[in-house]
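Structure, as C-alpha cells:
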Amino acid sequence: MKRPPIHVSELNGAIVAVQRHMKNVLNRKGPGSFVSSHEILGVLTDERSELIVAIQSKAGLEKIRHELLDDAVAALFGVACIDSGTVEW
C-alpha cells in the first residue's frame, strides 16, 4: 500500500495548530510547571487514554485531532519543564 505524501505546508500547519492549542491550554490552566517526571507521565497517560477512547468509540476525526493536539501540548510542555530546570526528579 502506497501512502499519500504529507506536504511541508501541512506539517507547518500542524505546528501552528499545536502552538495555538498550547496558547489556549496555558490561558486556561496557567504556566505552572510540572514538578516531577511522574506528573509528566500522569498527564501524558491521561491524554493518551482520551485519544484511545476517541478512536475506539469512533468519535470522529475532529475529536481525534483535538486529542492529538492535547497529547502534543502535554509532551512539549513536559520538555519545556525539563529544559527550564523545574522538574525535580
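Values quoted throughout were computed directly from the atomic coordinates according to the rules given, and no laboratory measurement underlies them. Since the model is a prediction, treat every value here as computed from it, not as a measurement. Virtual Cβ from ideal backbone geometry, glycine too; neighbours counted across all protein chains shown.
Positive contributions from Lys and Arg (+1) and negative ones from Asp and Glu (-1), summed over other residues with Cβ under 14 Å from the Cβ of Gln56, come out at +1. Calculated mean residue ellipticity at 222 nm for the chain: -26000 deg cm²/dmol, from DSSP H runs with n ≥ 4 weighted as -39500 (n - 2.57), summed, divided by the residue count and rounded to 500. Rounded to the nearest Hz, the phi-derived 3J(HN,Hα) couplings of the stretch 15-25 under the Karplus curve 6.51 cos²θ - 1.76 cosθ + 1.60 (θ = phi - 60°) are 5, 4, 4, 5, 4, 5, 5, 4, 4, 5, 5, where x marks glycine and proline. In order along the stretch 29-40, phi translates into HN-Hα couplings of 9, x, x, x, 6, 5, 10, 8, 5, 5, 5, 4 Hz, rounded to whole numbers, per the Karplus curve 6.51 cos²θ - 1.76 cosθ + 1.60 with θ = phi - 60° and x for Gly and Pro.
Would you mind calculating the relative contact order of the chain from Cα pairs under 8 angstrom and at least 6 residues apart, reporting the percent as a whole number? Mind showing how you got there, number by number?
Numbers: 50 pairs, mean separation 36.2, N = 89.
It rounds to 41 percent for the chain.
Between Gln19, Ser33, Leu44, the Cα set farthest toward the positive side of the dipole of the chain (charges on each charged residue's Cβ, about the Cα centre) is that of Gln19. Relative to the longest principal axis of the Cα atoms of the chain, helix 61-84 runs at roughly 30 degrees.
Charges at C-beta only: +1 for Lys and Arg, -1 for Asp and Glu. How large is the resulting dipole of the chain about its Cα centre, in Debye rounded to 20? Present the calculation step by step, with values, prior to reporting the outcome.
Working: 10 positive and 11 negative charges, 89 e Å.
Computed charge dipole of the chain: roughly 420 debye.
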